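Data block below; observations after.
The values are calculated or read from the model by the stated rules, or taken from the named source; none is laboratory data. Keep in mind it's a predicted model, so treat the numbers as computed, not measured. Neighbour counts run over all protein chains shown; Cβ positions are idealised from the backbone, glycine included. Protein only, heavy atoms only, side chains kept; ligands, DNA and RNA dropped before computing areas. Shrake-Rupley method; radii C 1.70, N 1.55, O 1.52, S 1.80 Å.
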Amino acid sequence: MNVLWVFAHPEPRSLSGALRDDGLRTLRALGHDVRESDLYAMKWNPVAGAATPARVPTRGELSPDVVAEQDKLRWADAVVVQFPLWWYGQPAILKGWFDRVFVKGFGYGVRAEDGRTLRYGEGRLAGKRAMVVLTAGAREPAMGPRGVNGSLDEVLFPLHHGTLFYAGMSVLPPVAVYGADRVPDDRFAEARESLRERLRTLETAEPIPFRTQNGGDYDDDLVLRPDRAPGAAGLGIHLTPAG
Ligand SMILES: Cc1cc2nc3c(=O)[nH]c(=O)nc-3n(C[C@H](O)[C@H](O)[C@H](O)COP(=O)(O)O)c2cc1C
């Protein structure tokens, strides 16, 4: 497979950097072709311009750094997005990568011939896989279903559902290293091994079963039909029930 690794950490000698280095080595050893977008090393400009275009910009209207990232995404079969959790979300440089690269006609605003908007499971990036790798200061129970941080699934919903799946990608369960501010050698070895294992199954792992927009679950206002997850609300209703 062609794998693009997007890395958003300012310090290559960090825990994140060590996991990235091992992850890239693992992918190459597995025979994958790998490219990287190391956003701090590239001095990526995360600030989008003033105007949101009313129409799809042509390739010539996009700046070369954006075109280069879109070309990497077109090339990729799978994208790994790695970052430390900062204030419940992505570092600004990574948010700005999505803001500038996932422009109209590429990440959103993609239409089918019949005029339907293709999003949430359909779109330019459909058929590609995505997997988040993150480190978080919080310990695992504090990011569980009743943890004070909110559960990891909820914290990642804007990125998983609102960005990657929105643009069409199949989103794999994330790889998370909790308690990441103090990681003794044995826990580092464990984290490295679980990342390796997840990279081995990058091609085959089951994606998170988000409901597709056009699969019949939503009405014309994009509200989940009353007979799906009846009476329930919250982010979890957008998952197809297991079994
Ligand atoms: C600006 C900033 C914001 C942070 N916000 C969070 C947070 O919201 N939740 C959390 O669990 N950890 C948070 N942390 C802790 C980082 O996630 C943690 O330091 C990092 O993942 C450790 O990995 P590293 O050594 O590779 O940077 C934050 C750290 C910084 C510097």
### Query
Of these, D186, D221, which one is surrounded by fewer than 14 Cβ atoms within 10 Å (Cβ to Cβ) and assigned to a loop (DSSP other than H, G, I, E, B)?
D221
### Message
Taking the conditions exactly as written (away from the ligand (no atom under 14 Å from the Cβ), assigned to a strand (DSSP E or B) and assigned by TED's automatic domain parsing to the domain that holds W75), does R35 satisfy them or not?
### Response
yes
### Message
Taking the conditions exactly as written (open to solvent by less than 10 Å² (accessible area, probe 1.4 Å) and within 15 Å of the ligand (Cβ to nearest atom)), does V155 satisfy them or not?
### Response
no
### Message
Whether any residue in segment 66-84 is within 16 Å of the ligand (Cβ to nearest atom), among the acidic types (D, E), touching a residue at least 12 places away in the same chain (Cβ under 8 Å) and buried (at least 17 other Cβ atoms within 10 Å of the Cβ) is what I want to check.
### Response
no
### Which numbered condition L235 fails, given (1) in contact (Cβ under 8 Å) with a residue 60 or more places away in the chain; (2) assigned by TED's automatic domain parsing to the domain that holds D33
(2)
### Query
Can you find even one residue in segment 143-152 that is in a loop (DSSP other than H, G, I, E, B), among the charged types (D, E, K, R) and at pLDDT below 95?
no
### Task
Check K95 against each of (1) open to solvent by 70 Å² or more (accessible area, probe 1.4 Å); (2) in a helix (DSSP H, G or I); (3) farther than 30 Å from E154 by Cβ and name the one condition it does not meet.
(3)
### Task
Name the single residue, out of those in segment 119-151 being touching a residue at least 60 places away in the same chain (Cβ under 8 Å) and open to solvent by 30 Å² or more (accessible area, probe 1.4 Å), that is nearest to the ligand (Cβ to nearest atom).
N149
### Task
Go through segment 32-62 residue by residue and tally those that are open to solvent by less than 60 Å² (accessible area, probe 1.4 Å) and at pLDDT 95 or above.
7
#### Entry: Criterion (among the small types (G, A, S), in a loop (DSSP other than H, G, I, E, B) and either over 17 Å from the mean Cα position of the chain (by Cα) or over 23 Å from W75 (Cβ atoms) (or both)) met by exactly one of A167, A176, A233
A233
### Query
For segment 38-59, which residues satisfy the criterion of being over 19 Å from the mean Cα position of the chain (by Cα) and within 16 Å of the ligand (Cβ to nearest atom)?
A41
### Query
What number of residues in segment 158-182 are open to solvent by 20 Å² or more (accessible area, probe 1.4 Å) and more than 16 Å from the ligand (Cβ to nearest atom)?
5
